[in-house]
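*Asks:* Please read through the structure below; I'll follow up with questions.
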Amino acid sequence: MELRQIKYFIEVAKREHVTDAALALHVAQSAVSRQIFNLESELGVNLFIREGRNVKLTPIGKLFLEQMEEAIKVIDNAKRQVREYLDPEHGRIRFGFPSSLALYTLPSIISAFRVRYPHVKFELKQSAYHDLISGVAEGEIDMALIGPLPKKEKKVKGDILFTEKMVALVPAVHPLADKSLLNLNHLKDESFILFPKGYVLRELFDDACSQHGFQPKVSFEGDDIDTIKGLVSAGLGLTLVPESTLVDSLPRSTVRLPVMPQITRAVGIIIPSERQLLPTEKLFYQFIRSLPFWTNFKTDKAITGVFITPETRFY
């Protein structure tokens with residue numbers, strides 16, 4: 001069994017079409033067909049059911065695919081480890097993050113790191129909370145910035161970087177806009193714009209409201225932080241967002257207000273618990289943990305609240 005055969009097999013299985021697989025692999029269709037035939041002959045089983053120009057995996061083919069995908073991950077990981085052992089400052093990091101940390105925290109961290117290690121490459125993936133956890137656990141990404149930090153996940157572990165408050169974003173024309181502070185008990189009759197059910201920021205707010213005897217009235221839902229802020233700007237309701245999402249700018253026609261009692265989330269970084277970090281990953285992980293974080297976020301200054309290091313300044 002050759003590595004080339006395995007890669008061809010995985011590509012055909014993924015696309016369920018030999019011609020499409022050949023195009024993706026930049027080889028002739030006949031070469032792909034021949035290698036699949038040789039692989040099936042060696043194994044003594046049919047891995048695919050032919051349906052005209054399309055193919056589908058047989059039951060044993062599905063089992064074989066699972067094992068081969070794991071084998072390719074091991075091989076690729078070993079090759080990366082050798083390269084990064086020779087020069088960890090020229091390695092690659094697959095890094096995940098949620099939309100709520102994409103505007104300020106993520107760019108600040110990576111900018112600071114690249115000042116010191118300019119040749120490290122990043123593959124960035126924005127995903128929802130639970131997808132980030134499973135991505136790290138299953139090896140699809142190396143580590144992830146996340147908030148709040150998960151506490152009961154066996155396959156990932158992490159460190160809290162900072163704790164930030166949730167703040168209210170209110171339309172400037174709203175009667176509550178001239179308040180200096182909003183009490184959660186007084187918001188039970190207000191209309192909110194929130195993430196859909198299942199999103200962790202929605203869970204934080206729903207839990208806080210439940211503790212005060214009510215469930216929020218939701219007029220609109222959005223799965224992107226900028227969409228939610230835009231709907232508030234249009235005067236369609238209130239929302240609660242992490243304060244770091246308002247560091248660089250306040251949406252037009254809105255007011256930022258603190259909320260009591262405070263709702264907070266612990267922001268951290270997660271890594272796999274069942275494997276050792278590769279040299280470049282370890283370099284980045286240790287760098288993040290060494291940064292001085294704090295949470296005095298302000299909206300009138302572009303650079304306040306996450307960190308400043310001697311190596312870099314942010315503008």
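*Asks:* Mind telling me which of the residues E84, E89, E140 ends up being assigned to a helix (DSSP H, G or I) and open to solvent by 10 Å² or more (accessible area, probe 1.4 Å)? Quick ask: steps written out before the conclusion?
*Replies:* Working: E84 fails: open to solvent by 10 Å² or more (accessible area, probe 1.4 Å); E140 fails: assigned to a helix (DSSP H, G or I).
From the options E84, E89, E140, the qualifying one is E89.
*Asks:* Within segment 205-229, how many residues turn out to be open to solvent by less than 40 Å² (accessible area, probe 1.4 Å) and under 24 Å from the mean Cα position of the chain (by Cα)? Explain how you work it out, then say what you get.
*Replies:* If we filter segment 205-229 for residues that are open to solvent by less than 40 Å² (accessible area, probe 1.4 Å), which is where we start, we get 205-206, 208-209, 214, 216, 222, 225, 228-229.
With the extra rule that they be under 24 Å from the mean Cα position of the chain (by Cα), the set shrinks to 205-206, 222, 225, 228-229.
Of the residues in segment 205-229, 6 are open to solvent by less than 40 Å² (accessible area, probe 1.4 Å) and under 24 Å from the mean Cα position of the chain (by Cα).
*Asks:* Go over the candidates F220, F214 one by one and state the one that is over 21 Å from Y104 (Cβ atoms) and touching a strand residue (DSSP E or B) at 6+ places or on another chain (Cβ under 7 Å).
*Replies:* Checking each option against the conditions leaves just F220.
*Asks:* I've got another one for you. Given the condition of a type in the set (D, E) and either touching a residue at least 40 places away in the same chain (Cβ under 8 Å) or within 21 Å of T105 (Cα to Cα) (or both), answer yes or no: does some residue in segment 185-195 qualify?
*Replies:* Among the residues of segment 185-195, at least one is of a type in the set (D, E) and either touching a residue at least 40 places away in the same chain (Cβ under 8 Å) or within 21 Å of T105 (Cα to Cα) (or both), which makes the answer yes.
*Asks:* Another question, if that's okay. Within segment 178-197, take every residue that is surrounded by 15 or more Cβ atoms within 10 Å (Cβ to Cβ) and among the aliphatic types (A, V, I, L, M) and give me the one that is nearest to I269 (Cα to Cα).
*Replies:* L194
*Asks:* I need the full set of residues from segment 19-49 which are open to solvent by less than 30 Å² (accessible area, probe 1.4 Å) and part of a helix (DSSP H, G or I), in order please.
*Replies:* Kept after step one, since they are open to solvent by less than 30 Å² (accessible area, probe 1.4 Å), are these residues of segment 19-49: 21-22, 31-32, 35-36, 39-40, 47-48.
Once the filter is applied, which keeps residues that are open to solvent by less than 30 Å² (accessible area, probe 1.4 Å) and part of a helix (DSSP H, G or I), segment 19-49 yields A21, A22, A31, V32, Q35, I36, L39, E40.
*Asks:* Listed residues V259, V247, V232, V267; which is touching a residue at least 60 places away in the same chain (Cβ under 8 Å), buried (at least 18 other Cβ atoms within 10 Å of the Cβ) and either among the charged types (D, E, K, R) or under 13 Å from L103 (Cα atoms) (or both)? Let's see the steps before the verdict.
*Replies:* Details: V259 fails: either among the charged types (D, E, K, R) or under 13 Å from L103 (Cα atoms) (or both); V232 fails: either among the charged types (D, E, K, R) or under 13 Å from L103 (Cα atoms) (or both); V267 fails: either among the charged types (D, E, K, R) or under 13 Å from L103 (Cα atoms) (or both).
Result: V247 is the single residue among V259, V247, V232, V267 that is touching a residue at least 60 places away in the same chain (Cβ under 8 Å), buried (at least 18 other Cβ atoms within 10 Å of the Cβ) and either among the charged types (D, E, K, R) or under 13 Å from L103 (Cα atoms) (or both).
*Asks:* Give the residues of segment 50-81 that are in a helix (DSSP H, G or I), of a type in the set (G, A, S) and under 15 Å from V12 (Cα atoms), sorted by residue number.
*Replies:* G61
*Asks:* Tell me which residues, restricted to segment 75-97, are without any contact (Cβ under 8 Å) to a residue 60 or more places away in the chain and in contact with a helix residue (DSSP H, G or I) (Cβ under 6 Å, 6 or more places away or on another chain).
*Replies:* Hits for segment 75-97 are G96, F97.
The values are calculated or read from the model by the stated rules, or taken from the named source; none is laboratory data. This is a predicted model, so every value here is computed, not measured. All Cβ positions, glycine included, derive from the backbone under ideal geometry; neighbour counts span all protein chains shown. SASA here: full protein model, heavy atoms, side chains in, ligands and nucleic acids out. Shrake-Rupley method; radii C 1.70, N 1.55, O 1.52, S 1.80 Å.
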